[in-house]
Amino acid sequence: MNPIYGQDSFFTLSLAGQVGLAALSGGFALAMIWLSWRLTRNRAAWLRGITAVALFWFFIWLSPQAYYFYYLLVFDGLPAQWVVRSPATPSHLLRLLTFTADASLSHHGQGFLGWGMLVAGLWPQRHPTSV
């Protein structure tokens, strides 16, 4: 058992469940980083930063429902329900980005995702030269 993440719910899953959750999370991460890059193209740097943070905020707010759908497939007997709560506060986003939120795989993964989205959104944009 991992000493940092020993109580993390990830370790209650079977190997197949862990692989599926990792694949789902990886797919979400790639999609959100791509979306951050795509929606910030040809924008001013300040707007790219705001867009990346807004997309990160939306992901943190709404992704629990997508993960709950996955858990509905993995665990028998879970009720169909809405698990999304109030949107995250700016201080919570900051705790995720500074890795000072609870020590869980979820929170640390969200922190890495947030940084990936910021880098993708703020990456210097190449503008084609006109001929």
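Every read-out reported here was derived from the displayed coordinates using simple, explicitly stated rules and does not represent laboratory data. Just so we're clear, the structure is a prediction, and the values are computed from it rather than from any experiment. A quick note on method: Cβ atoms are made from the backbone with ideal geometry, for glycine too, and the neighbour counts reach across all protein chains shown.
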| field | Charge dipole of the chain about the Cα centre (unit charges at C-beta), most positive-ward option of Phe10, Val74, Pro90 | value | Pro90
| query | Given +1 on the Cβ of Lys and Arg, -1 on the Cβ of Asp and Glu, and no further charges, what dipole in debye does the chain carry about its Cα centre, rounded to the nearest 20? | reply | 660
| field | Hull volume in cubic angstrom per residue (convex hull over the Cα atoms of the chain) | value | 135
| Label point at Ser86 placed 7 Å out along Cα→Cβ; residues across region 47-65 whose backbone nitrogen lies under 17 Å | 58, 60-62
| Tell me, in nm to one decimal, what length is gained between Phe69 and Asn42 on full extension, where the rule is 0.36 nm per residue of separation less the Cα-Cα distance? | 6.2 nm
| remark: Listed residues Leu96, Leu47, Leu113; largest mean-square fluctuation, Gaussian network over the chain with Cα springs below 10 Å, found at Leu47
| Cβ-derived FRET efficiency at R0 35 Å, Gln7 paired with Phe58, nearest 0.05 | 0.80
